[in-house]
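Written below as structure tokens is the structure these notes are about.
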Amino acid sequence: MDFTQQLRIFVAVVDNGSFARAAEALLMARPSVTNAINALEKGLGARLIQRTTRRISLTGEGELFYDRATRLLTDIADAQNLFGGTDMPPCGRLRVDIPVALAKPLLIARLPQFKALYPDIDLILGVSDQPVDLLADGVDCVVRIGELPPTSMVARKLAWMTVVVCGSPAYLAAHGIPETIEDLKHHQAVNYFSGRGHRPVAWTLPGNGESMYLPMHSGIMVNDTEAFVGCALAGLGLIQVPGLVVAKHLSSGRLQEVVPAMRDIRWPLSIMYPNRQHLAPQVRAFIDWMGTIVQSTASQWLHLTAS
């Protein structure tokens with residue numbers, strides 16, 4: 001096995017967080033990956049990776065070598081693409097995690113297009129509203145709605161989503177229709193939480209370039225988008241939600257938009273991936289494809305700018 005292939009395997013092991021997941025991504029047998037790393041370390045005369053039964057970690061020498069290896073692989077890829085690129089299509093395992101809110105309205109119906117473009121990519125799609133650890137869970141990239149917490153991951157904004165406040169006709173008939181932001185303080189909400197803290201996500205308010213929030217009274221909290229919308233349809237309270245998620249219910253009249261001024265709010269739609277200089281071709285292909293479908297789906301609910 002040549003040195004360049006050993007570099008690719010080493011970077012794949014680090015990026016995937018394990019020998020087994022690297023083997024899946026590279027479509028190789030796990031012993032071949034192990035042998036390649038052993039041969040690389042022997043040739044360099046240095047231990048690069050510490051192995052335990054549960055996880056791997058880089059040694060000090062491994063950290064230095066990883067940075068150099070990713071730069072070398074990037075230079076090799078640039079050289080190969082200098083006069084029009086390589087004929088090798090992206091292939092291998094690709095694990096993506098997306099929120100429940102986006103699975104049906106944005107992604108699922110368009111996946112045949114992705115599979116037609118990249119038939120050799122084996123896509124593993126996780127649909128969940130719960131946080132994931134990209135490295136620990138072996139996830140290549142995640143799509144997220146809303147402001148993101150500080151992270152070492154790379155976050156690329158794809159678009160901005162118009163937000164609405166809405167409720168069922170039954171709820172509004174019983175509690176009145178709020179017309180202003182001040183009116184919202186006297187209403188019940190279906191609140192949403194994510195993660196283990198069970199802390200409700202405060203409602204976002206329009207502001208002059210600054211994030212402003214409104215804690216809403218609630219008799220119920222949920223951590224799943226479909227249940228969240230279902231509670232609103234059942235008349236349990238108002239919800240603040242991207243319009244794309246409830247567009248069909250607004251059109252049918254099962255939900256009614258209130259406080260039109262809240263439409264001034266736009267939440268970012270982003271894709272996140274590990275802060276690595278050398279992205280696997282299948283990951284880069286998906287990131288670029290997501291950017292393309294977002295542009296083609298731009299509408300009253302999905303915008304390419306924040307204003």
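Overview of values
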{"quantity": "Given charges at Cβ of Lys, Arg, Asp, Glu: segment 88-188 dipole, positive-most of Pro112, Ala173, Ile124", "calculated": "Pro112"}
{"quantity": "Simple Cβ-charge dipole of segment 89-307, Lys/Arg +1 and Asp/Glu -1, about Cα centre, in debye nearest 20", "calculated": "360 debye"}
{"quantity": "Folded to 0 to 90 degrees: helix 60-80 orientation relative to the chain principal axis, Cα", "calculated": "90 degrees"}
{"quantity": "Extension gain, Ala39 back to Met212 (0.36 nm per residue minus Cα-Cα distance, nm)", "calculated": "56.7 nm"}
{"quantity": "Burial ordering of Trp160, Trp289, fewest other beta-carbon atoms within 10 Å first", "calculated": "Trp289, Trp160"}
{"quantity": "Order of Asp2, Asp129 under a 10 Å beta carbon neighbour criterion, fewest first", "calculated": "Asp2, Asp129"}
{"quantity": "Label-to-label distance, nm, for residues given as Lys248 and Phe193 (7 Å Cα→Cβ offset)", "calculated": "3.0 nm"}
{"quantity": "Share, in percent, of DSSP beta bridges within the chain that are antiparallel, nearest 5", "calculated": "65 percent"}
{"quantity": "Distance in nm between pseudo-label sites at Arg30 and Phe3 (7 Å out along the Cβ direction from Cα)", "calculated": "3.1 nm"}
{"quantity": "Listed values (1) 18.5; (2) 14.8; (3) 31.4, entry calculated as mean projected area of the Cα convex hull in nm²", "calculated": "(1)"}
{"quantity": "Residues of type lysines that Lys104 reaches as a straight line, Cα spacing below 28 Å, ignoring anything fewer than 8 places off in the same chain", "calculated": "Lys115, Lys157, Lys248"}
{"quantity": "Residue-averaged 222 nm ellipticity for the chain, from DSSP H runs of 4+ at -39500 (n - 2.57), nearest 500", "calculated": "-11000 deg cm²/dmol"}
{"quantity": "Degrees separating the helix 30-44 axis from the principal Cα axis of the chain, which is the longest one", "calculated": "60 degrees"}
{"quantity": "Chain lengthening between Ser128 and Asn223 when straightened (0.36 nm per residue, less Cα-Cα)", "calculated": "33.2 nm"}
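Read-outs: derived from the displayed coordinates by stated rules, not from any lab. Keep in mind that this is a model prediction, so the values were computed, not measured. FYI the Cβ positions are ideal-geometry reconstructions off the backbone, even for glycines, and counts take in every protein chain you see.
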